[in-house]
Amino acid sequence: MKIGIIGAGNIGGNLARRLTALGHEVSIANSRGPQTLSALAEETGATAVNASEAARGARIVVVTVPLKAVPDLPTGLIDGAADGAAVIDTGNYYPQQRDGRIAEIEDGKPESRWTEEQIGHPVIKAFNGTYAQDILSNGLPKGSPGRQALPVAGDDAAAKQVVRDLIDELGFDTVDAGGLDESWRQQPGTPVYGHQGDVEAVRKALAEASPERTAEWRA
Ligand SMILES: NC(=O)c1ccc[n+]([C@@H]2O[C@H](COP(=O)([O-])OP(=O)(O)OC[C@H]3O[C@@H](n4cnc5c(N)ncnc54)[C@H](OP(=O)(O)O)[C@@H]3O)[C@@H](O)[C@H]2O)c1
């Protein structure tokens, strides 16, 4: 499958490693240009491209840049993607350490709702609470006892299923965490954030989440 990854850091790099190993055709971009991604391209077989080209023809696009960089992404970022493409947002709002204050999120807008408005395309929230290293090292075959589960939230049922199937291929179970309006349940500071449990544990953690953003996660 053609997959475009925008962001080549901890998460984007490790997704490129695993997805190319699974035989997917991956294009990957960062902010500094494809010439700075030659080592990753050589290691993985992914094609390094400009951010404006990463989505071209892709069935799945992954947006995995710091939240504060989302407004800087090229206009029409997803325009060249395949019809009905699923766009994964891995982002988290880190106001104190990285992103500064984003008023709408402070006022209660779910982080991924803000991101989809910025990029002008619906998103599926996934991987945001998953350690980058887990993507490389924790995948297990379907049916393995204790297989790690990832929450997946989004409004487009078909796109969500495509993303859940891809995560299964990567070696993880998934839990349907509802629509994007419910995606605060998996944001930083919630019980499921950084969780490495199985389906049952992730369901429980999602149910125990509170919509109140704690002081640590406010500007
Ligand atoms: N690290 C984790 O374990 C983890 C886990 C779950 C979720 N997340 C979330 O996932 C997102 C990415 O995290 P990360 O740790 O992978 O970040 P990271 O290691 O800092 O990498 C960020 C990547 O985004 C690229 N980028 C920045 N601005 C860009 C732009 N305008 N256009 C294109 N590319 C741009 C950077 O390119 P340059 O280097 O060229 O600037 C870099 O390749 C964040 O929201 C983070 O909170 C991280």
### Query
For segment 161-187 and segment 10-38, what is the separation of their C-alpha centers, rounded to whole Å?
21
### Query
What is the log10 of I(q)/I(0) for segment 20-64, computed with the Debye formula using one identical point scatterer on each Cα and no solvent, at q = 0.15, 0.19, 0.21 Å⁻¹?
-0.33, -0.54, -0.66
### Query
Hey, in the GNM for the chain with a 10 angstrom Cα cutoff, which one of ALA54, ALA149, ALA201 fluctuates hardest?
ALA201
### Query
Mean shadow of the chain, computed from the convex hull of its alpha carbons, in nm²?
10.8
### Query
Where does the chain land at 222 nm, in deg cm²/dmol rounded to the nearest 500, when only DSSP H runs of n ≥ 4 count, each adding -39500 (n - 2.57), divided by all residues?
-8000 deg cm²/dmol
### Query
Going 7 Å from the Cα of ARG218 toward and past its Cβ, which residues in segment 85-124 have a backbone nitrogen under 12 Å from where you end up?
106-108
### Message
Using alpha carbons only, how many angstrom separate the centre of segment 120-140 from the centre of segment 48-67?
### Response
15
### Karplus-derived 3J(HN,Hα), 6.51/-1.76/1.60, for each residue of segment 135-141, Hz, glycine and proline x
4, 7, 10, 9, x, 9, x
### Message
Compute and list, largest first, the equivalent-ellipsoid semi-axes of segment 116-172 from the alpha carbon gyration tensor, each √(5λ) rounded to a whole angstrom.
### Response
23, 13, 8
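Rule-based calculations on the coordinates, nothing more; no lab input. What you are looking at is a predicted structure, and each value in this text was computed from that prediction instead of being measured. Glycine also receives a Cβ, built like all others from the backbone with ideal geometry; neighbour counts cover every protein chain displayed.
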